[in-house]
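I have placed the structure first, in the form of structure tokens, so that the comments after it can refer back to it.
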Amino acid sequence: MRSRVNMASIAFSMAVFHNLRQAQPNACLFDLDGLLLDTEPLHSQAWRESIEYFGASISPLLLMELRGRNRIDNATAVIKQLNLGISTAQLLAIQQPISQSLVAHAKAMAGASDLVACCQQKNIPMAIATSSGREAVAIKTKPHPWLEQITVRVHGDDSSIKKGKPAPDLFLEAARQLGIPASNCWAFEDSPAGAIAALSAGCEVFVLPAPGLGVKDYPDKVQMLTKLADVPI
């Protein structure tokens, strides 16, 4: 009887501890594209149009592989896989203006502004850890004043970032700027590359899966969401 009571007590204590941890993150680190703002279809359109400019086409699979990564790494991968015979600078000279004109009209992801507001109300420190460059982030976020609540922002082209996602640099830097260990932070992602990066940084990771992707496409240790309103804060 004592053994059963002890086991039940241990199980109850573990459940209580888990629930407390779920309810009280030390900080939240947010990806931007596809997580807070619905920009990914617009980025895909920009890649398609720019690649067509050079007489080639890109598959849906390759477009999905670009998700979550910085523009330099993406341009390099596209040129290599499609054998375009051009430089990274040449491709981005076409792709970036298209992308910037499109993402200026990106809408918020469902539940994103409410999640940010909830964190602010509960005094949970926040940061954005995005592969996008500083100029692109300014364009995307300008129509969304609710994002002004997140003042700590780490960009893919910051001098402190040596490697983009799936390397952990962005999340480690965001946690450092908040003064909170990455292991005590919750990270929110939509891309497999971003999820790998956040896990590598030591964060507890929540994933809002990209359209067409499911549990099998992400690391085992992430917590899957069906919508941002499901975040247990």
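What the table below lists for this structure:
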item: Label-reachable residues, the range 82-109, where backbone N falls under 17 Å from a point 7 Å from residue 57's Cα toward its Cβ; result: 82-84
item: Nearest 10 degrees, 0 to 90: helix 2-23 Cα axis against the chain principal axis; result: 40 degrees
item: J(HN,Hα) series, the range 47-63, from Karplus relation 6.51 cos²θ - 1.76 cosθ + 1.60, nearest Hz, glycine and proline x; result: 5, 4, 5, 5, 6, 4, 4, 9, x, 10, 9, 10, 7, x, 5, 5, 4
item: 5 angstrom amide H check on residue 126, placed H, neighbours 5+ away; result: 28
item: All lysines inside 22 Å of residue 227 as judged from Cα atoms, apart from same-chain residues fewer than 8 positions distant; result: 107, 122, 140, 216
item: Between helix 192-201 and the chain: long-axis angle, C-alpha atoms, 0 to 90°, nearest 10; result: 50 degrees
item: Cα Rg over Rh - the chain, Kirkwood; result: 1.04
item: Heavy-atom accessible area per residue - the range 152-233, 1.4 Å, Å²; result: 43 Å²
item: Average Cα contact separation per residue, the chain, under 8 Å, 6 or more apart, as relative contact order %; result: 24 percent
item: 16 Å cut-off, amide nitrogen to a point 7 angstrom out along residue 118 Cα→Cβ, residues in the range 175-209; result: 186-189, 205-209
item: Anisotropy class of the range 106-193 from Cα gyration tensor, a/c 1.5 cut; result: oblate
item: The chain, accessible surface, carbon-and-sulfur percent (1.4 angstrom probe); result: 55 percent
item: Sites residue 226 and residue 176 - FRET efficiency at Förster radius 25 Å, r taken between beta-carbons, to 0.05; result: 0.20
item: Amide hydrogen neighbours beyond the local backbone of residue 165, cut-off 5 Å, H modeled; result: 70
item: Estimated FRET transfer efficiency when R0 is 30 angstrom, pair residue 151-residue 215 (beta carbons, to 0.05); result: 0.35
item: Cα centre as origin, Lys/Arg/Asp/Glu Cβ charges: the chain dipole, Debye; result: 560 debye
item: Solvent exposure of the range 26-74 as accessible area per residue, Å², 1.4 Å probe; result: 41 Å²
item: Between helix 88-103 and the chain: long-axis angle, C-alpha atoms, 0 to 90°, nearest 10; result: 60 degrees
item: Projected area, mean over directions - the range 143-233, Cα convex hull, nm²; result: 6.7 nm²
item: In order through the range 179-189: 3J(HN,Hα) via Karplus (6.51 cos²θ - 1.76 cosθ + 1.60), integer Hz, x for Gly, Pro; result: x, 10, x, 4, 5, 9, 9, 9, 10, 10, 9
item: Structure-based [θ]222 nm, the chain - -39500 (n - 2.57) summed over DSSP H runs of at least 4, per residue, nearest 500; result: -14500 deg cm²/dmol
item: The range 20-97 - Rg over Rh from alpha carbon coordinates, Kirkwood radius; result: 1.14
item: Under-5 Å amide H pairs with residue 205, H placed in peptide plane, nonlocal only; result: 187, 223
item: From phi via Karplus (6.51, -1.76, 1.60), per-residue ³J(HN,Hα) for the range 216-223 in Hz, x at Gly/Pro; result: 5, 8, 10, x, 5, 7, 7, 9
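The values are calculated or read from the model by the stated rules, or taken from the named source; none is laboratory data. Everything quoted here is computed from the prediction, not taken from an experiment. With ideal geometry, Cβ positions are generated from the backbone for all residues, glycine too; neighbour counts draw on all protein chains shown. These area figures cover heavy atoms from the full protein model, side chains too; ligands, DNA and RNA do not enter into them. Shrake-Rupley method; radii C 1.70, N 1.55, O 1.52, S 1.80 Å.
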